[in-house]
Amino acid sequence: MKVVSLGLSEGLKRMGGDVEGMKNGSNRKLFKVLRLSVIIFLIFIILSYAGIYILHNLFDFTSSNAVFYFVKGSDGRIKVTRDLDFDMADNLLFMVDMSGVISKFLEMTAAAKSESMLDVTWDENSGKGEVKDIRPDGTIFSVTFSRFRESDGNTYGLFIGGELPYGDFHRDKEGGTSGIGYMKDKRWYHIWCAANEGFILKDSVFLPKDWIYLGSKVLKMANSEVLIESRHRFPIRNKKLFMKRVFYMKSGWDYVILSITFANRGDKPLSYTYGYGDEPWLGISSYSRGDIGWTRDRIFQHEGYLTPWPKGYAGYWDRGNDAVKEGRGFTNIANFIQWLSITPSEVYFANDFKSVDETRPLSSLDNRLINIAWADQSLQPGESRTYTLAIGMAKPSSSGFPVKPRVELE
């Protein structure tokens with residue numbers, strides 16, 4: 001019996017050793033599989049990142065144009081494009097959208113580097129595009145150019161306004177990204193709308209859509225700054241008047257620099273008035289409710305003029321107008337426009353462009369506006385004149401007025 005017992009004991013020991021060996025072998029195989037899976041996953045991530053980097057930096061795929069739209073043309077044929085006008089949306093068959101991937105790539109890169117990154121989309125031929133400042137804290141500052149259509153013509157070049165492209169990952173369907181917008185905590189705040197610019201020659205008013213587009217050029221484009229110019233000709237041929245517009249922006253800025261130069265290349269003097277205005281729909285697009293005027297030492301709850309001073313500024317503040325008992329509960333965000341070169345002849349807040357009545361509260365639900373005018377300007381033959389503006393947003397303040405950023409050219 002002892003012999004049998006000893007044999008059984010030795011057998012159990014050997015079986016236990018075999019089981020333990022099997023466990024160790026299985027663990028080693030599992031570890032190898034897991035290690036291989038991790039390596040494959042890391043290779044996939046690296047290759048994906050490299051692929052997106054190449055698409056963005058070498059082939060100009062951005063968070064706005066990384067979309068292929070398949071649309072049905074007027075001749076019935078299928079057309080593929082990377083930009084879709086909103087009036088063509090009904091002809092859209094389907095789209096292949098990578099804008100979200102590019103967007104996440106830029107957001108992750110900005111967060112990893114703790115640096116803001118400019119995402120620039122510009123078409124030199126069509127004269128339209130957009131610039132986004134994607135920031136490490138998750139906020140985005142966005143500006144669009146000539147992405148709007150007038151009832152009787154299109155605008156081309158560096159005119160602020162219009163919505164982000166149809167398939168853009170960041171486009172706010174409520175209109176917060178039209179013109180200039182600011183995103184914080186996944187919510188878009190509307191800052192400026194399509195600008196109302198007017199060039200008045202004698203009794204005729206010429207709008208942005210009236211200028212003949214001659215082309216544009218990206219002069220500098222990097223992650224930290226962008227410089228673009230567009231060139232235009234006056235629509236009346238016997239008036240040899242030309243306009244050059246220059247846009248400049250750095251990452252981290254809460255504003256843009258827009259420079260407008262008029263040049264008289266004719267042989268006769270020109271007298272004109274130039275105006276730049278907007279009904280900004282501050283805070284929530286399509287609504288003016290809550291908006292009051294503000295400047296360095298004063299608020300405007302009624303229509304009125306302010307006295308311009310060199311390199312001065314004015315804007316709207318989405319605070320609520322006590323003059324019409326709007327109360328509070330608004331976004332408290334503000335915008336500003338600053339004249340950096342020539343001091344305007346007049347600046348005013350009103351409910352429309354027709355008149356200014358200082359007894360009338362700013363009460364329009366959708367048309368509280370600011371207008372800046374340089375009246376009785378003249379250009380001799382061969383002379384040019386430049387109007388430089390800083391256009392952007394001012395941060396809310398816990399006490400007192402909004403805080404306007406210090407403008408570099410100031």
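Things to note:
- Correct option for Rg and Dmax of the Cα atoms in Å [calculated from the coordinates] among (i) 31.9, 137; (ii) 29.6, 129; (iii) 20.6, 63: (ii)
- Among the GluC sites (Glu not before Pro) within the range 82-126, those in coil by DSSP and having at most 13 neighbouring Cβ atoms inside 10 Å are Glu124.
- Cβ-based charge dipole, the range 115-394, positive-most Cα from Trp211, Met249, Trp192: Trp211
- Dipole check for the range 115-394: with +1 at the C-beta of Lys and Arg, -1 at the C-beta of Asp and Glu, and the Cα centre as origin, the magnitude is about 640 Debye.
- GNM flexibility winner over the chain from Arg319, Arg35, Arg231 (Cα, springs under 10 Å): Arg35
- Full-stretch length increase - Lys72, Ser397 - with 0.36 nm per residue and alpha-carbon distance subtracted: 111.9 nm
- Helix 99-113 and the longest principal axis of the C-alpha atoms of the chain enclose an angle of approximately 80°.
- Computed from the C-beta positions of Asp366 and Ala111 and an R0 of 51 Å, the FRET efficiency is 0.85 to the nearest 0.05.
- P(r) tail, the range 86-187: Cα-Cα pairs separated by more than 19 Å, 46% of all pairs.
- Note on Lys32: lysines with a C-alpha under 18 Å away, same-chain residues under 8 apart excluded, are Lys23.
- Per-residue Karplus couplings for the range 177-188, computed as 6.51 cos²θ - 1.76 cosθ + 1.60 with θ equal to phi - 60°, are listed in order as 9, 7, x, 10, x, 9, 9, 9, 6, 6, 10, 8 Hz, Gly and Pro entered as x.
- The lysines within cross-link reach of Lys72, meaning a Cα-to-Cα straight distance under 27 Å and a gap of 8 or more places when in the same chain, are Lys128, Lys173.
- Exposure proxy order (Cβ contacts within 10 Å, fewest to most) of Asp97, Asp376: Asp376, Asp97
- Acute angle (nearest 10 degrees) that the helix 2-57 long axis makes with the longest principal axis of the chain, alpha-carbon atoms: 20 degrees
- Most mobile listed residue (Pro280, Pro396, Pro208) in the chain, GNM with C-alpha springs under 10 Å: Pro396
- A straight chain from Asp152 to Ser341 at 0.36 nm per residue would run longer than the Cα-Cα distance by 64.8 nm.
- 25 Å Cα-Cα reach of Lys202 towards lysines, excluding residues that sit fewer than 8 places from it in its own chain: Lys239, Lys240, Lys244, Lys268, Lys354
- Rounded to the nearest 20, the Cβ-based charge dipole of the range 310-410 about its Cα centre (Lys and Arg +1, Asp and Glu -1) stands at 360 debye.
- Comparing mean-square fluctuations of Gly175, Gly327, Gly252 from a GNM of the chain with C-alpha springs under 10 Å, the top value falls on Gly327.
- Gain on full stretching of the segment that runs from Phe353 to Tyr305 - 0.36 nm per residue minus C-alpha separation: 16.0 nm
- The range 190-256 shape via C-alpha gyration tensor axes, a/c threshold 1.5: oblate
Every read-out reported here was derived from the displayed coordinates using simple, explicitly stated rules and does not represent laboratory data. What you see is a predicted model; the values in this text were computed from it and never measured. Using ideal geometry, Cβ is built from the backbone for each residue, glycine included, and neighbour counts are taken over all protein chains shown.
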